[in-house]
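All remarks here apply to the structure that follows.
The values are calculated or read from the model by the stated rules, or taken from the named source; none is laboratory data. None of these values were measured; they are calculated from a predicted model. Glycine gets a Cβ as well: all are built from the backbone with ideal geometry, and neighbour counts include every protein chain shown.
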């Protein structure tokens, strides 16, 4: 048996199989469930590290399985795939630890962790998809696996949020399916190929190809929360904090953004997309989303909703990077895929901690949380500053490359968008930081649970945000070192453009 | 008053269907169908173990159809039983009718036996014989015999399912030890057909009579133990 | 000595029916044994077709045209395998579901129905098919009325009558065919048939009768009440197998008998009715208040998808593309069969636990039965046509072919159906998320929950990830 | 085929078709169970008529036995179906009481 041909599948199964087993566990089997969760997460991390090394050395990892004649399931580890896989694997490990701490005493944990694992498997599947069919398959499985997580709490709010979420994502999935089938009927099986495959397509199907691009974009835009398809995201905030963290930083929105990147670079090819004006359309859409999301975030008092709209805005940087013709902006967009994940997951972990320990759900209740929960607040501060783009946090690097790339491509209006959005970012994050550190704490927190131990909160809830904050900081500080997201993004950009 | 569906649409549709059917049928009989299967069938009758061509077809050439048909009969009866118990039945008849029935029933049974036997070389066979047996049961039921002269439920169940069982088992045995499913060895064909037909006659007769009762037979038959 | 699995698959359940008829008090043991043996012999037929090619048995040794033959090609073998897996699961489930009194009625009728199914899939004789259709229809109607409620009896009487009308139409077609061509064997009729009013009328009569039995819109009216009011294992059999058998036969006749006389108008008519069924059935399923009624309307919609295949098949020239399309249609039918049976079986458990099947009040019951809820979820994924189910692959292939042919409107219809299906399935699944914690045991009653779960798993993961074997099977005589 | 045979086949077969049409009409138009059942049986009789008609091959020639056998089988099936349907009807009547 050829190990190289099985590694991608093994990475997928390393979380899929524990997930299936967890469903079967009795509710009380706490220890076994934790063992399964952690084994899966660590095993996956090990396999991914192995794979990164291999891809660096030029190994070709590809699993190909024929589902039916003409329909192949392809899992392939190219540089772009590895970037996303590494992000999701790392963050899954952290989020699993956090979720174990967070849901310690809540009901239906077997169901929760089962779907949690399947959700990550689907994300990894999306990352490793080697053709459009495989992408569609995992994109839909992701919808199926996240629905129970959003609905998990079982409150009327949760039911409503889940319903909205499902309506949006099913609609998006249907559009993606239509686009994919249409495209495949025109040009045959669509393998993701560096530089795209449509550059050589005959002139007479060009109009159809452009139409298909917009159908695909609409399908992917739902998960990527492109305005006006973002409506589900704030609604899905009813989910437990680890789910929000996963949805926003790793799985759902990233899947959409990643899909847009794939379609632009590896299906249409950036040159074809540029020549036919598709990039401009994407850029405008992304810019509108960036500004709109930031403006909406400004008006939210609920902390999680403010973070949600911030996600709407920040994820579109990735699409923005893809929409600017030129390798530098590509680096900016790609690297933001990772950086946004690290920063946003930190923020959500912290929001969960505030809610859990102090009952604080609103920005207006955050006065003085800095002194009450210094470590959590420190992590939150790092994340928030990163989002604004303050050096040396990772977000600065992304924005720097995006701006540089825009200048390089002569798209000065993009720089204006970047500046405006950074100002807006500052406008909705800085007041929070001000409240947290410089306002006096209230006499009484909304709903305080004092943690018995030495730390401000249980270790399983404290360490994850601290770790991700440190990672976000390091990704910015040591951006030029080998094996950083930035270096990897440069590698991808080189390969997409350097033919 | 004219109801459009009933008075216009359906009749017009029927006229169209009838025209199409008639035209097709005309073309079919005036066409090149020729002998159809008649010649083939008649030519093989001597090999079938019986000399009545219809019985040859029913119990040899197309015996499998007949097996499934017995299953249809059984399914119908089981369905009837699942729907409820039989009606209490008629009052016992006065002496004239009773006497007549008592005279007729043995005659019908005798005729059934004859029909069964004669089916091998002349019109007749298991279905005709079964029908006669069934009518004997109907007659008994009309004359007030509570279970149409049928035996107790346990035995009745055996009786109604017997035809399918004997038929299917014969077929399977011939498959295991002989030349194939329901492939009679020529020397035994006559007797195997008779065996199957006898079982089928009993089942058909019992089924028809039991179906006439319209439901599960009463737990303990009070009158008319035998038919 | 030789054992021929073809007649065995039909006669074993008959002998089983005899055994359970004569010993009604102890029906379950012999019933399950007969179920196991029947399924084993039918699956061995499929295995033999897989490895050795088309199987044929001349019953009585006469051969056609005089005798009747049974034949298993790839198409029959595929349907046979699906039907027998589903029937076995239903049998195991029924062993736990029915109590004494209904069990004694269920088992013999159920084995007779099974015999009719196997007989129908293996038959090659047009008149013999009529007999199997009647055996199927009678036993199905009787089984459907087993709950004994007035609604069930009335609905199944209607089903019986409609079925009889359908068979009568079919038989009229057979009489016409025999009058014109003098043979009844499918292969011989196919050789003799030529375009003209006879072939046309016969096709209209036979396929018309069958779409009545397959509940194609607008002849679907009898299905929802009949299927929704039957006992759960019977509903599963009716929805997953009985209507599929009618579709199988229509497809078989279409492909093998009437191939020379097909035209686009007839195919488009069937496709249009199918499209209407998809939209109307899905819509009614969405509005249904009861879980089993929802499942029944969903069957109406699912049958619609299958008939959309006809215009696509006619428009695709023979060759690889058409073979793939045919296989996709079969895959769709098989996945639906498995999924719908799983759905009904699981719904039966939920109904038993809750004491009712009103969707809006299902909360606790659904959460207390994780295995059953998972079965509903898995079956739902397959019914919607989401990955990784067999339906997803099948729909992908059908839609891709539709787009290649430029027939984009079938894509629109199927996407509408898909979205409506998602809406009605998740309407049920959303009930499984409740506030109150429930003691979590995945399986509560293995005998009833596992069959449902297994069917759901095969429909979703089995046929969705490994559909390739179906092509190998259909290579055996089913491709043009 | 002689004219007399053809004439007989067409005459009896045609009557069969008329029976089928009458049955079909009755089935579609009349609601009561009994009438629908009679209608179905009438249609059956029509089809059997057609089969028997095409089996006829002349006064001196033995008829085609195959349609005769089909008709016999068909009759038993029709009887079974009628009996079952009547039992259904009876059950419904009982429920009404």
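Screening residue B:123 with (1) away from chain C (no Cβ under 11 Å); (2) surrounded by 24 or more Cβ atoms within 10 Å (Cβ to Cβ) gives one miss only, at (2). Being touching a residue at least 40 places away in the same chain (Cβ under 8 Å), over 24 Å from residue C:228 (Cα atoms), out of contact with any helix residue (DSSP H, G or I) (no Cβ under 7 Å at 6 or more places or on another chain) and more than 7 Å from chain B (Cβ to nearest Cβ) is a description that applies to residue C:69.
One residue is enough: does the stretch C:343-360 have a residue meeting the conditions over 21 Å from residue C:268 (Cβ atoms) and at the interface with another protein chain (Cβ under 9 Å from one of its Cβ atoms)?
No: the stretch C:343-360 contains no residue that is over 21 Å from residue C:268 (Cβ atoms) and at the interface with another protein chain (Cβ under 9 Å from one of its Cβ atoms).
Being assigned to a helix (DSSP H, G or I), over 13 Å from the mean Cα position of the chain (by Cα), touching a residue at least 40 places away in the same chain (Cβ under 8 Å) and crowded, with 21+ Cβ neighbours inside 10 Å is a property that residue A:311 lacks. One residue stands out in the stretch C:454-466 among those that are surrounded by fewer than 24 Cβ atoms within 10 Å (Cβ to Cβ), in contact (Cβ under 8 Å) with a residue 40 or more places away in the chain and within 11 Å of chain A (Cβ to nearest Cβ): the one that is nearest to residue C:373 (Cα to Cα), namely C:457.
Restricting attention to the stretch C:168-183, the residues that are more than 8 Å from chain B (Cβ to nearest Cβ) and either under 19 Å from residue C:71 (Cα atoms) or under 24 Å from the mean Cα position of the chain (by Cα) (or both) total 6. For the stretch A:1-23, enumerate the residues that are in contact with a helix residue (DSSP H, G or I) (Cβ under 8 Å, 6 or more places away or on another chain) and more than 18 Å from residue A:126 (Cβ to Cβ). Residues satisfying the conditions are A:4, A:17, A:18, A:20, A:21, A:22, A:23. Taking residue C:228, is it more than 8 Å from every other protein chain (Cβ to nearest Cβ) and over 27 Å from residue C:311 (Cβ atoms)? For residue C:228, the condition - more than 8 Å from every other protein chain (Cβ to nearest Cβ) and over 27 Å from residue C:311 (Cβ atoms) - is met. Count of the stretch A:55-90 residues, restricted to those that are away from chain C (no Cβ under 14 Å) and farther than 28 Å from residue A:116 by Cα, is 5. Residues of the stretch B:47-80 being under 16 Å from the mean Cα position of the chain (by Cα), closer than 15 Å to residue D:87 by Cα and facing chain C (nearest Cβ under 8 Å), which ones? Within the stretch B:47-80, B:74, B:75, B:76, B:78 qualify. Scanning the stretch B:3-17 turns up no residue that is farther than 30 Å from residue C:17 by Cα and touching a residue at least 12 places away in the same chain (Cβ under 8 Å).
In this structure, residue C:329 qualifies as surrounded by fewer than 24 Cβ atoms within 10 Å (Cβ to Cβ) and in a helix (DSSP H, G or I). Going by what's in this entry, would residue A:481 be described as out of contact with any helix residue (DSSP H, G or I) (no Cβ under 8 Å at 6 or more places or on another chain), over 20 Å from residue A:244 (Cα atoms) and in a loop (DSSP other than H, G, I, E, B)? When the stated conditions are applied, residue A:481 does not pass them.
For every residue, the table says whether it meets (1) under 24 Å from residue B:44 (Cβ atoms); (2) within 8 Å of another protein chain (Cβ to nearest Cβ).
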position: D:7; (1), (2): no, no
position: D:15; (1), (2): no, no
position: D:18; (1), (2): no, yes
position: D:25; (1), (2): no, yes
position: D:32; (1), (2): no, no
position: D:41; (1), (2): no, no
position: D:47; (1), (2): no, yes
position: D:51; (1), (2): yes, yes
position: D:69; (1), (2): yes, yes
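Take residue C:62 and decide whether it is within 14 Å of chain B (Cβ to nearest Cβ), in contact with a helix residue (DSSP H, G or I) (Cβ under 6 Å, 6 or more places away or on another chain), surrounded by 21 or more Cβ atoms within 10 Å (Cβ to Cβ) and outside any helix (DSSP H, G or I). Yes: the conditions hold for residue C:62. Considering the conditions (1) within 10 Å of chain A (Cβ to nearest Cβ); (2) touching a residue at least 40 places away in the same chain (Cβ under 8 Å), residue C:403 is excluded by exactly one of them, (2). For the stretch B:76-89, the count of residues that are at pLDDT below 90 and loosely packed, with under 14 Cβ neighbours inside 10 Å is at least one. Based on this model, can you work out whether residue C:334 counts as assigned to a helix (DSSP H, G or I), within 16 Å of residue C:303 (Cα to Cα), at pLDDT 95 or above and within 18 Å of the chain's Cα centre (by Cα)? Here the answer is yes, as residue C:334 does meet what is asked. Exactly one residue among A:122, A:127, A:162 is buried (at least 19 other Cβ atoms within 10 Å of the Cβ), within 21 Å of residue A:266 (Cα to Cα) and within 11 Å of another protein chain (Cβ to nearest Cβ), and that residue is A:122. Does at least one position in the stretch A:56-68 carry a residue that is assigned to a helix (DSSP H, G or I) and surrounded by fewer than 20 Cβ atoms within 10 Å (Cβ to Cβ)? Within the stretch A:56-68, one or more residues are assigned to a helix (DSSP H, G or I) and surrounded by fewer than 20 Cβ atoms within 10 Å (Cβ to Cβ). Among the conditions (1) surrounded by 13 or more Cβ atoms within 10 Å (Cβ to Cβ); (2) within 24 Å of residue B:158 (Cβ to Cβ), residue B:110 misses just one, which is (1). Of note, residue B:183 does not satisfy the criterion of being farther than 13 Å from residue B:49 by Cα and either more than 9 Å from chain C (Cβ to nearest Cβ) or touching a strand residue (DSSP E or B) at 6+ places or on another chain (Cβ under 8 Å) (or both). Out of A:379, A:384, A:407, A:426, one residue alone is assigned to a helix (DSSP H, G or I), touching a helix residue (DSSP H, G or I) at 6+ places or on another chain (Cβ under 8 Å) and surrounded by fewer than 17 Cβ atoms within 10 Å (Cβ to Cβ). It is A:407. So which residues in the stretch A:132-155 are out of contact with any strand residue (DSSP E or B) (no Cβ under 9 Å at 6 or more places or on another chain) and more than 9 Å from chain C (Cβ to nearest Cβ)? A:142, A:145, A:146, A:149, A:150, listed by residue number.
Within the bounds of the stretch A:204-223, is there any residue that is within 14 Å of chain C (Cβ to nearest Cβ), in a loop (DSSP other than H, G, I, E, B) and modelled with pLDDT of 85 or more? No - not one qualifying residue is present in the stretch A:204-223.
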